[in-house]
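Inspection log for the structure reproduced underneath, given as structure tokens.
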Amino acid sequence: MKFICEQQNLSKALNIVSKALLGRTTIPILKGILISAKNDSLTLTASDIDITIEKVINAEVIEEGEIVVTAKLLIDLVRKLPNEEITFELKENNNIGIKCGKSKFNLLSFPAYEYPIEKSIENNLNIRLKTEDFTSMVRRTAFATSLDETKGTITGVLFEIEKDKISMVATDGFRMALSHRESQNEEEAKIIILGKFLSEINKITSESEEDEIKISIEKNKAVFEIENTRIFVRLLEGTFIDYKKIIPQELPINVIVNKSDLIESIDRASLFSREGKNNLIKFSMKEDVMEISSRSEEGNIIESVDIQKTGDDIEIGFNSKYLIEGLKIYDSENIKIELNTSVTPCLLTEESEKTIYLILPVRLTGNN
């Protein structure tokens, strides 16, 4: 095997496929990257079984072949080489020679036949989604998944395809994020993808210049394709919660507030929220003012933010971290907060209402 490629292209491709190397696998060969040289192109593959990423780049292939090279060393080495042509040549005893400028290296490689290869999906459901919409939906939902691997399906994001729209939903049991976009689809489907996988996919799609991402789905796998990159993802098994039943329909208290002002006030108040108290901050909404307060052994704080309110006055407590994370997913200047009572879920929305963030309150006590 022998090929020549550009350092910049190879380094970028290695960084993309390395996003599949999450340190979860115990299979030795999967600590490496599969390099396949064929038909004037180079295909790089990295996998931990549950997620596999392939990237194709241009190369001058002098002799076709396949090898596996230890990922970390290869990535670090190529990144530090000058932006010139790199020549790879397989030699005796599975050594691969690398030349770039005035630098020469030899790396140990491994036989490619040991590397598991993902097969293309057949008889599948195919959809196309604007790249901008996909990255926005993932950004607004994936953060809300549970990080506890024992929690089953809520460690993932529900990807729901309906006739007229596509939705993503995530929850950890304390808050829920929902984002949807209009889309005309011939078929319907529901799949669940691990939140951390979607976040890694989003890092790739957000840097792409292509307008669309192609998504193919079968029983236990999904494939995302964009800009000569294919990402194979194993789906989570199980049934996602019926999120539509969780969203309250009647919320008589409505508050409009400037998002930046609210985030800044919560951020300051959170400095006084006590450890072991769920980062509790108290919100008192009366007429046209929202008071935000918290206390600890070191002191207390009261912040005031102007609001527009309809409905009754209310005092309610929230986890400051969850509330700030929910506010930050919106791009609008003003946010709408919808409430009912101090012990029922609250909704955050913006004017477009393409994204909903539901958060459970924290019960207030006499000490708050």
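Relative contact order for the chain: what percent, with Cα pairs under 8 Å and sequence separation of 6 or more?
Working: 828 pairs, mean separation 45.3, N = 368.
It rounds to 12 percent for the chain.
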Subject >> Highest-first arrangement of 169-178, 201-210, where packing means the average Cβ count within 10 Å >> reply: 169-178, 201-210
Original post:
If Lys and Arg each add +1 and Asp and Glu each add -1, what is the summed charge of the other residues whose beta carbon sits under 12 Å from the beta carbon of V138?
Top reply: +2
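Would you tally the net charge around K190, using a Cβ to Cβ cut-off of less than 10 Å, leaving K190 out, and scoring K and R as +1, D and E as -1? Working shown, then result.
Working: positive: none; negative: E160, E162, E188.
So the environment of K190 carries a net charge of -3.
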**OP:** Distance from a point 7 Å along Cα→Cβ of N228 to each backbone N in region 42-60: keep the residues under 19 Å and list them by number.
**Re:** 42-46, 53-60
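What does the charge count around G156 come to, taking other residues whose C-beta lies under 13 Å from its C-beta (Lys +1, Arg +1, Asp -1, Glu -1)?
On the way: positive: K151, K190, K196, R234; negative: D50, D148, E149, E160, D172, E237.
Around G156, the surrounding residues sum to -2.
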Original post:
If the chain between T341 and A189 were fully stretched, how many nm would it gain, using 0.36 nm times the residue separation less the Cα-Cα distance?
Top reply: 51.2 nm
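Taking the Cα centre of the chain as the origin, how large is its charge dipole in debye, to the nearest 20, when only Lys and Arg (+1) and Asp and Glu (-1) carry charge on their Cβ atoms?
Values: 47 positive and 62 negative charges, 240 e Å.
Charge dipole of the chain: 1160 debye, to the nearest 20.
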Original post:
What is the chain by shape, rounded, prolate or oblate, if you read a ≥ b ≥ c off the alpha carbon gyration tensor as root eigenvalues and call it rounded for a/c under 1.5, prolate for a/b larger than b/c, and oblate otherwise?
Top reply: prolate
**OP:** Would you mind calculating the gained length between E325 and Q249 on full extension (0.36 nm times residue separation, minus the Cα-Cα distance), in nm to one decimal?
**Re:** 25.0 nm
**OP:** Could you tell me the distance between the Cα centroids of region 90-152 and region 304-325, to the nearest Å?
**Re:** 43 Å
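Per residue of the chain, what 222 nm ellipticity follows from adding -39500 (n - 2.57) for every DSSP H run with n ≥ 4, rounded to the nearest 500? Write out the running numbers ahead of the final one.
Details: 7 runs with 63 residues, N = 368.
When only DSSP H runs of four or more count, the value is -5000 deg cm²/dmol.
FYI, it's all coordinate maths here, none of it is from the lab. All values reported here derive from a predicted model rather than from experimental measurement. Cβ coordinates were reconstructed from backbone atoms using ideal geometry, including for glycine residues, and neighbour counts include every protein chain displayed.
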